[in-house]
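Novice: I'd like to ask you about the structure that follows.
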Amino acid sequence: MVAVFACPSTTTTMVTIPEVMLSSGAKPMPLIGMGTAVYPFAASETMRAAILRAIELGYRHFDTAAIYRSEEPLGEAIAEAVRSGAIESRDELFITSKLWCSDAHGHLVLPALQRTLRYHPQAAMFSSLRVVSGLMATVYCFSCRNLQLDYLDLYLIHWPVSTKPGRYEVPMPKEDLLPIDMRSVWKAMEECQRLGLTRSIGVSNFSTKKLETLLSIANIPPAVNQVEVNPLWQQQKLREFCVAKGIQVCAYSPMGAKGTMWGQDWVMNCDVLKDIAAAKGKTLAQICLRWVHEQGDCVLAKSFNEKRMLENLDMLDWALNEDEKRNISEIPQRKGCLGLEFVSDDGPYNSAEELWDGEI
């Protein structure tokens, strides 16, 4: 089932942003979302203002994570949007956040989500302890800067890795890497959904094999798998598996995430995409976003520039032709985000091939 809502476009007409119903049966997810990860990870007034403007322009799906340090500015922007009348209530938005690896332990999942949603005394206590002990000051301080919401629409396991509790940092010390106890962590994720703290649960950066393992133990299946998808990393095998299992693919780095620690410039420098963009009178970014959309994936694009935010919405009333789609399908594949920070000779994954189960 697909629903739509109207938002302003670069013209006087209105565009409709499709929504997809998730397997959880909860609120539909808009298929175009705004990412909030800025590297190095840091909150800023620029971020808060850009998110508020995005809401005014019609964005309704926002992606954050504990590690991004963007939960607080997102929460502030939402509150301001309600006060200003840009939206009537938070319920008009679809908000995703993610469980960081240091909280990917069965007993830490619920407290982590509680910190993400609202400031509470336990988080403040940890923050104070960190200040006293030095090292801990950088760990929990930003966890207290949260969304000030009653619930998430989607909560994801950020990576299929655990790390020692108490650190929120990337890259993390290799000695902190631990195998994830998927059974206990997913059971806690399911409890978060049953408690109503999140409407849906899912995963990020999971291979087909890891999804198979999770599905074999889950009472509530993951509704979403958020992974890297772009014309240079098309994820056909993973997408086919997800479609068959009722798992919605959500694409990050649709333009390759140039300038981040996890991205490359290969997508933006691709001659095939440049030629298609020139022929259609579109930006290369719009070609990437339209291609992802035509795969049936949700797509997350991050820009704090108003012109580009509008351009990112302007990809629904046109389509790639068969020749263009064929040319894109023939682009040599190169994965940009290898996740090497999670690879260690003494850790749970000794190589990128092990982390991605050969899907690389």
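The values are calculated or read from the model by the stated rules, or taken from the named source; none is laboratory data. These numbers were taken from a predicted model, which means no experiment stands behind them. FYI the Cβ positions are ideal-geometry reconstructions off the backbone, even for glycines, and counts take in every protein chain you see. These area figures cover heavy atoms from the full protein model, side chains too; ligands, DNA and RNA do not enter into them. Shrake-Rupley method; radii C 1.70, N 1.55, O 1.52, S 1.80 Å.
Novice: Build a GNM of the chain with springs between Cα atoms under 10 Å: which of Gly202, Gly246, Gly85 gets the top mean-square fluctuation?
Specialist: Ranking Gly202, Gly246, Gly85 by mean-square fluctuation puts Gly85 first.
Novice: Next question. Mind checking the log10 I(q)/I(0) for segment 202-332 at q = 0.10 Å⁻¹? Debye, one equal scatterer per Cα, no solvent, two decimals.
Specialist: Listed by q, the Debye log ratios stand at -0.34.
Novice: Carbon and sulfur: what percent of the chain's accessible surface (1.4 Å probe)?
Specialist: 53
Novice: Using the Cα centre as the reference, give the magnitude of the dipole from point charges on the C-beta atoms of segment 186-327 (Lys, Arg: +1; Asp, Glu: -1; all else neutral), rounded to the nearest 20 debye.
Specialist: Charge dipole of segment 186-327: 380 debye, to the nearest 20.
Novice: Can you give the alpha-carbon Rg of the chain over 2.2 N^0.38 Å, where N counts its residues?
Specialist: 0.95
Novice: Just want to confirm a number: the relative contact order over the chain, from Cα pairs under 8 angstrom separated by 6+ residues, in percent.
Specialist: After rounding, I find 17 percent.
Novice: Sticking with this structure for a sec: Name the long-range amide H neighbours of Ile157: under 5 Å, sequence gap of 5 or more, or other chain; modelled H, no Pro or chain starts.
Specialist: Leu99, Gly202, Val203, Ser204
Novice: About the Cα centre, and with charges only on the beta carbon of Lys, Arg (+1) and Asp, Glu (-1), how big is the dipole of the chain? Nearest 20 debye, please.
Specialist: Charge dipole, the chain, about its Cα centre: 460 debye, nearest 20.
Novice: Could you calculate the FRET efficiency of Arg118 with Ala49 from 1/(1 + (r/R0)^6), where r is the beta carbon distance between them and R0 is 25 Å, rounded to 0.05?
Specialist: On the way: r = 23 Å, r/R0 = 0.92.
After rounding to 0.05, the efficiency reads 0.65.
Novice: Using a Gaussian network model of the chain whose springs link C-alpha atoms within less than 10 Å, name the residue from Leu152, Leu289, Leu22 with the highest mean-square fluctuation.
Specialist: Leu22
Novice: For a Förster distance of 45 Å, can you work out the FRET efficiency between the beta-carbons of Glu175 and Arg83, rounded to the nearest 0.05? Provide the component values of the computation, followed by the final result.
Specialist: Numbers: r = 46 Å, r/R0 = 1.03.
That gives a FRET efficiency of 0.45.
Novice: Gaussian network model of the chain, Cα springs within a sub-10 Å range: biggest mean-square fluctuation belongs to which of Ala81, Ala278, Ala26?
Specialist: Judging by the Gaussian network model, the answer is Ala278.
Novice: What accessible area per residue comes out for segment 21-107, rounded to a whole number of Å², with a 1.4 Å probe?
Specialist: Working: 2770 Å² over 87 residues.
Dividing the accessible area of segment 21-107 by its residue count gives 32 Å².
Novice: Out of residues 5 or more away from Gln148 or on other chains, whose amide H comes under 5 Å of its own, with H placed 1.01 Å from N in the peptide plane?
Specialist: So Gln148 has HN proximity to Arg118, Tyr119.
Novice: Give me log10 I(q)/I(0) at q = 0.14, 0.16, 0.22 Å⁻¹ for segment 177-223, Debye formula, one equal scatterer per alpha-carbon, no solvent.
Specialist: Log-scaled intensity ratios, in q order: -0.32, -0.42, -0.78.
Novice: Counting only GluC sites (Glu not before Pro) that are in a DSSP loop and have at most 12 other C-beta atoms within 10 Å, tell me the longest site-free stretch of the chain.
Specialist: Segment 89-329 is the longest.
Novice: In deg cm²/dmol, rounded to 500, what helix-only [θ] at 222 nm does the chain give when every DSSP H run of at least 4 residues adds -39500 (n - 2.57) and the total is split over its residues?
Specialist: Helix-only estimate at 222 nm: -10500 deg cm²/dmol.
Novice: Hey, what's segment 232-306 come to in accessible area per residue, 1.4 Å probe, Å²?
Specialist: On a per-residue basis, segment 232-306 sits at 42 Å².
Novice: Still on this model: Would you grab the residues whose amide H sits under 5 Å from the one on Lys302? Only those 5+ places off in sequence or on another chain, please, with H modelled 1.01 Å from N.
Specialist: Gly35
Novice: Using the Kirkwood radius over C-alpha pairs as Rh, can you work out the diffusion coefficient of segment 292-360 via Stokes-Einstein at 4 °C, viscosity 1.567 mPa s, in µm² per second?
Specialist: Reported coefficient: 83 µm²/s.
Novice: Please report the Cα spread of segment 30-92 along all three principal axes, rounded to whole Å, starting with the longest.
Specialist: Rounded to whole Å, the extents work out to 32, 25, 17 Å.
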